[in-house]
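The values are calculated or read from the model by the stated rules, or taken from the named source; none is laboratory data. Values in this document were obtained by computation on a predicted structure and should not be read as measured data. When we count neighbours, we look across all protein chains shown, and the Cβ atoms used for this are built from the backbone with ideal geometry, even at glycine. These area figures cover heavy atoms from the full protein model, side chains too; ligands, DNA and RNA do not enter into them. Shrake-Rupley method; radii C 1.70, N 1.55, O 1.52, S 1.80 Å.
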Amino acid sequence: MQVSVLLCVGVCVVSVCAEGKWRSCGEVREAYSALGFSLNTAPQHEIAGEHLRVCARGQTCCSSEMEDKLGVQSKVKLEGMVEESSDVLRSTFFSRHKKFDEFFLELLDNSEKSLNDMFVRTYGKLYTHNSEIFEDLFSELKRYYTGGNVNLEEMLNDFWSRLLERMFQLLNSQYTFTDDYLECISKYTDQLKPFGDIPRKLKAQVTRAFIAARTFVQGLMVGREVANRVSKVNVSPGCSKALTRMLYCPYCGGLPGLRPCGNYCQNVMKGCLANQADLDPEWNLFIDAMLLVAERLEGPFNIEAVMEPIDVKISEAIMTMQDNSMQVSAKVFQGCGHPKPAGLSRTSRGISEKGFNTRFRPYSPEERPTTAAGTSLDRLRNVWRTMQNSVIDIKETLKKSKKFWSTLPDAVCSRERVSDDDEQCWNSHAKGRYFPEVVKDGLTGQLNNPEVEVDITRPDTFIRQQIMALRVMTNKLRNAYNGNDIYFQDSSDEGSGSGSGSGCTEGCTTEYDFVATEAPVVEADRSDPRPATDNAGLRGHAPPPPCQLAAIAGILLLLLWQWR
């Protein structure tokens, strides 16, 4: 009887112990299924883990197929965590680039339409038949802004030279001018200053404004592209093993709900994202340069303040040319020689006294032309005020994005993803405290990383390319802040200094000291005994009237009628 009892107790003890040794994997199977995997290869109860290559080889709830699939899932998980952590940064660069780019293009379109409407309203077909010189100006400005290889200073110099040549011919329509003679006129443009100081000031404003606007938008685009590319993590074999061990080995150990210890997660992520952290120093310099250029979008040389009144400024320059027409012509004749008389009279060429003396009502600011959509240009000013707020907003966002890549492990190892209990967390092999210290950032800091095998002698080539892209953009931004276009830095340094406000090259004087040897004397009729300064050289032209408005209207009508 006693023997039977002992046998029964022994069987029961053995049965209980066996049941405790081979636990159920029901909880693991449920978590594994939630990841989207089939349960065909998932054990019902713990099995021996000799087949495992990453996780501990004791009793386990993972088959070799499960471990392989969880290893692939760990890569997907890391990619998702980095994408999620960088989502705000990437979307900010994307949305701001789109907003600023659309505004600047709309501003250019409206500025061109404003100028066109102003001249059409005042001069009608006389302007529309001869508007190509202004159309070319805006076309080149747009081409520059959209990335074209345009030297702004040379382009603006060419605009004023073309305008001077055409006006000079109209003011002296009783003469014939060869191409060589017109080229001679252009050589004296800086000294003559036929348009006053407006070209110099406008050139300084336009170059600084466009360089800042274009470079800032390019910077937003580069920041967007770099953030998009770097956020796509290249998972190395060593990182893949460490991720699997951190994220899914708890499944194999029968603890699918156990989250990793905070410092453990940090070491894994610092190893996996070491190359991203190395981007940080160059990224911070890039952000600082972006903030500098953003200041230019708020200052006196911002593109809206320059482009909105450009039509009026060009008109004022033409008025100045009218006022100085007699003196300019005399000095040109003195320096370039006296031109040959034309065979046609002014009347036969279509310029009438009545047309020259016609007065036009002055252009009123209250009559600002409307946009193509029929809305007032005041709407664009409201848009600009909104854009100014956007500049403030993007500056704050940029400041927050500094050190983003070195702090990316912090973002990935957020509180939702790691345990808040240092004792009740996964420490790479069991539930318990994690003792190793957190390693430093960057590739060189991974030499003694206890969790991830990192070859510190082989930097990621792709990340190095992004570092170089940031370095190039940072250099462009710094130049833009100083008003220099990096593509034309040499010509800016050697030129007239128009970008920095200087109106004269070395050796230039404010006096018009023309002598015959200073410039090539073009083919001209020098047999005319009249002195170059004699007003008869402009015979047939009405003298400048005392009323400036009449003078302005007269020269513009003369100019536009001749172009027709």
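Cross-link reach is defined here as a Cα-Cα straight distance under 19 Å, omitting same-chain residues fewer than 8 places apart; for residue 270 the lysines meeting it are 75, 77, 232, 241, 402, 403, 440. Surface listing: 403, 476 arranged by accessible area from highest to lowest gives 403, 476, probe 1.4 Å.
Give, in nm to one decimal, the length gained when the segment between residue 146 and residue 430 is fully stretched (0.36 nm per residue of separation minus the Cα-Cα distance).
96.4 nm
Roughly how far apart, in whole Å, are the Cα centres of region 128-151 and region 39-87? Region 128-151 and region 39-87 have Cα centres separated by 61 Å. The protection proxy used here, the mean number of other Cβ atoms lying within 10 Å of each residue, ranks peptides 418-427, 297-306 as follows, highest first: 297-306, 418-427. On the beta carbon distance between residue 154 and residue 326, with R0 = 35 Å, the FRET formula returns roughly 0.70.
What is the local net charge at residue 454, summed over the other residues whose Cβ is closer than 14 Å to its Cβ (Lys, Arg +1; Asp, Glu -1)?
-2
All C-alpha to C-alpha distances of region 149-200, sorted into 10 Å bins beginning at zero, yield P(r) values of 23, 53, 21, 3 percent in whole numbers. Which lysines does residue 99 reach when only Cα atoms under 18 Å apart count, and residues fewer than 8 places away in its own chain are ignored? Result set, ordered by chain and number: 142, 395.
Cα centroid separation, region 388-410 to region 319-336: 55 Å. Spatial offset of region 428-474 relative to region 268-293 amounts to 13 Å, using the alpha carbon center of each.
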